[in-house]
Amino acid sequence: MSDANDIKAMAEKAGEQAKNIWLAGLGAYGKALDEAHDQYEKVSGQINEQIEKVKSSTTTETNRLFDELVAKGKTLETDTQSKFSEVKEKTSSELEERLNQVKSNLTFPSMGSSSNVESQLAEISTKLDLVISALSTETKPAVKKATAKKASSATAAKPAKTEAPKAAAKPAAVKTEAPKAAAKPAVTVKTASSN
C-alpha cells in the first residue's frame, strides 16, 4: 500500500503544485493589472496636466487673440466713423451747393422797386384797356364818356408808341376797375386774338 500512499502523496503534491502554479499565474495577472492601473493613473495624470496646460495656454491665447480683435474692431470703428463724417460733410456741402445752384436758376431777376413795378403795371393796364376798348362794341356810352377823360389824360401823359388804326379812330375808353383788367389779361387777350 505504500505504493498507493505514494501515488496519493504524489497526487496531492502535484495538485498542490498545480494550485501554486495557478495562484502564481493569478498573482502575475494581478500584479500586471496593478502595474497597468498605476501606469494608467500616471499617464492619465500627465494627460490631465497636459490638457490643463493646453486649456490655460489656449485660454490665454484665446484671450490675447480676443483682445487683439477687440482693439482692431475699435480701430476700424473709429476709422469708419471719421470717414463717414468726412463723406457726410462732403455730401452735405455738395448738396447745399447744388440746392443753391438750383435756387439761383429758379429765381427770377428782380423787377426793381415796388414803385417801378406799380408804374409798369399801370402802363400795361392802360395799354390793355386801349386794346379792349378798340375791340369792344359800343354798349355803354355813358361809361365811355366818363372814362374817356381818364384815358385821354393817361395817353397824353405818355406818348403812344404804336396804336392800332381802330384805336386812333375811336375815342379811348378806360375801365373803371383797372385791377380786374390787370388780373385777367390772358382772357382778354385771348378774346382779342380770336376776334
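Mind ordering 120-128, 29-37 by average Cβ neighbours within 10 Å, highest first?
Values: 120-128: 15.9, 29-37: 10.0.
The most tightly packed comes first, giving 120-128, 29-37.
Assuming 0.36 nm per residue, please report the length gained on full extension of the stretch residue 67 to residue 24 beyond their Cα-Cα distance.
Roughly 9.2 nm would be gained on extension.
Put a dot 7 Å past each Cα toward the Cβ at residue 87 and residue 4; how far apart are the dots in nm?
Between residue 4 and residue 87, the simple spin-label model gives 11.6 nm.
The numbers here are math on the coordinates, done by the rules we state, and not lab data. In this text the structure is predicted, and so the values were computed from the model without any measurement. As a convention, Cβ positions derive from the backbone with ideal geometry for all residues, glycine included, and neighbour counts pool all protein chains shown.
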